[in-house]
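Okay, structure first, notes after.
The values are calculated or read from the model by the stated rules, or taken from the named source; none is laboratory data. In this text, all values refer to a predicted model and were calculated from it rather than measured experimentally. All Cβ positions, even for glycine, are placed from backbone atoms using ideal geometry, and neighbour counts span all protein chains on display. These accessible areas exclude ligands, DNA and RNA; they are computed on the full protein's heavy atoms, side chains included. Shrake-Rupley method; radii C 1.70, N 1.55, O 1.52, S 1.80 Å.
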Amino acid sequence: MQVSDPHREIFRGRPTIVFNFAGRHDAKTHGMAEDASKKIAGTLWVDEKDRQVARMEAHFTDNFHVAGGLLANIAKGSSFFID
């Protein structure tokens with residue numbers, strides 16, 4: 001992942017470190033999860049005290065196929081968040 005724009009914010013009343021991330025298309029990967037990480041970009045909030053992810057918003061920057069498209073196809077622009 002490529003990380004950019006680190007800064008601090010208050011999220012739900014707690015101090016967090018926030019940064020943007022994007023997969024590196026030139027990275028060598030091993031396995032499906034690493035292959036998918038090359039095609040994801042978004043923003044991550046990390047609680048400073050707990051050192052845990054407080055929130056993640058991400059989207060696919062390219063189409064992603066599981067098992068060559070036999071099991072799943074995820075379209076470019078599909079998004080998700082973890083709270």
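How long is the gain from residue 62 to residue 2 if the chain were fully straight, where each residue apart is worth 0.36 nm and the alpha carbon distance is subtracted?
Stretched fully, the residue 62-residue 2 segment lengthens by 20.0 nm.
Could you work out which residue, out of 27, 67, 54, moves most in a Gaussian network model of the chain, that is, has the largest mean-square fluctuation with Cα springs under 10 Å?
67
Provide the net charge surrounding residue 34, with neighbours chosen by a C-beta distance below 15 Å and charges set as Lys +1, Arg +1, Asp -1, Glu -1.
+1
Any idea what the dipole of region 1-70 comes to, in debye rounded to 20, about its Cα centre with Lys/Arg Cβ at +1 and Asp/Glu Cβ at -1?
Using only the charged Cβ atoms, the result is roughly 160 debye.
Rounded to the nearest whole Å², what accessible area per residue is found for the chain with the 1.4 Å probe?
Value returned for the chain: 70 Å² of accessible area per residue.
Using a 1.4 Å probe and counting only protein heavy atoms, arrange 79, 37, 4 so the residue with the most accessible area comes first.
79, 4, 37
Net charge within 15 Å of residue 81 by Cβ-Cβ distance, Lys/Arg positive one each and Asp/Glu negative one each, not counting residue 81 itself?
For residues surrounding residue 81, the net value is 0.
Can you list, largest first and rounded to whole Å, the semi-axes you get for the chain by taking the square root of 5 times each eigenvalue of its Cα gyration tensor?
27, 13, 11
Could you work out [θ]222 nm for the chain from helices alone, using -39500 (n - 2.57) per DSSP H run of at least four and dividing by all its residues? Round to the nearest 500 deg cm²/dmol.
-1500 deg cm²/dmol
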